[in-house]
Amino acid sequence: MTWKEHVEIVEGDITALDVDAIVNAANETLLGGGGVDGAIHRAAGPGLLAQCRALDGCLTGQAKITDGHDLKARYVIHTVGPIWRGGSHGEAALLASCYQTSLALADAHRLRSIAFPAISTGVYGYPWEGATRVAMTEAGAYLKAEGSIERLIFCCFGRPMFDLYQRTLAAA
Ligand code: AR6
């Protein structure tokens, strides 16, 4: 088995996925927002916000875990992607760190399946191609090292993002 066989690319709404954990592209407050963050909070219900309040925020590039509440997913891993400021402010390293710290948390909880949205590619403005390369590089590094995750899902919102992920995986 190569690492690529553990990667799935799907198109749709991440809140509907039946996996051990979905990852939230949050902001440093962890108190909700728009985009995928808003969708996750709506689907998970008010218990998620109550649990997030106790976390005291999260730094960019880091991750924290909560329960999934009303979601099918058992856990939500909240990570804070970098805001794109031209590319020379450590954005790529911070984005890589989002994937690394999320996967380390998943490992610490012995999770077997995880779904990621395309972190930072919405409101935070990270160019899609660069963000997708980072996501795939970190997926490959993690899966080659053989942690607890057996299914690593990239959940793309819309066909163009789905196609980009497929091309990036093929080229990786
Ligand atoms: N399922 C999967 N992906 C989604 C969904 C969904 N339901 N909804 C949106 N996306 P964004 P960011 C995609 O803006 O750029 C929030 O307000 C979307 O198409 O959600 O990291 C936070 O509170 C895009 O490809 O997150 C922060 O303030 C990707 O998810 C800020 O936005 C990420 O878009 C974070 O910005």
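The values are calculated or read from the model by the stated rules, or taken from the named source; none is laboratory data. All values reported here derive from a predicted model rather than from experimental measurement. Heads up, the Cβs are rebuilt from the backbone with ideal geometry, glycines too, and the neighbour counts pull from every protein chain shown. Side chains included, ligands, DNA and RNA excluded: accessible areas come from the protein's heavy atoms. Shrake-Rupley method; radii C 1.70, N 1.55, O 1.52, S 1.80 Å.
What the table below lists for this structure:
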read-out	value
Cβ-defined net charge surrounding Asp18, 14 Å radius [Lys, Arg +1; Asp, Glu -1]	0
Around Ser113: net Lys/Arg minus Asp/Glu count, Cβ-Cβ under 10 Å	-1
Ranking by accessible area, most exposed first, for Thr29, Thr121 with a 1.4 Å probe	Thr29, Thr121
Radius 15 Å from Cβ of Cys52, net charge of other residues (Lys, Arg +1; Asp, Glu -1)	-2
Residues with amide H under 5 Å from that of Gln62, placed H, sequence gap 5 or more	Val80
Global form of the chain, assessed from the alpha-carbon gyration tensor, a/c cut-off 1.5	rounded
Qualifying trypsin sites (Lys or Arg not before Pro) in the stretch 32-124, DSSP loop, other Cβ atoms within 10 Å at most 16	Lys72, Arg74, Arg85, Arg110, Arg112
Å³ per residue enclosed by the Cα convex hull of the stretch 94-137	71 Å³
Zero-based 5 Å bins, Cα pair distances in the stretch 10-95, whole percents	3, 16, 25, 24, 16, 9, 5, 1
For the chain: relative contact order, % (alpha-carbon pairs under 8 angstrom, 6 or more apart)	30 percent
Between the stretch 58-131 and the stretch 1-49, the alpha-carbon center distance in angstrom	9 Å
Loop GluC sites (Glu not before Pro), the stretch 1-109 (other Cβ atoms within 10 Å of the site Cβ: 14 or fewer; DSSP)	Glu28
Within the accessible area of the chain (1.4 Å probe), percent carbon and sulfur	54 percent
Label-point separation in nm, Lys144 to Leu55, each point 7 Å along Cα→Cβ	3.0 nm
Simple spin-label estimate for Asp67 and Asp163 in nanometres, 7 Å along Cα-Cβ	4.3 nm
GluC sites (Glu not before Pro) restricted to the stretch 98-172 and DSSP loop, no more than 10 other C-beta within 10 Å	Glu146
For the stretch 87-171: span of alpha carbons on each principal axis (Å, largest first)	32, 29, 23
All lysines inside 22 Å of Lys4 as judged from Cα atoms, apart from same-chain residues fewer than 8 positions distant	Lys144
Structure-based [θ]222 nm, the chain - -39500 (n - 2.57) summed over DSSP H runs of at least 4, per residue, nearest 500	-12500 deg cm²/dmol
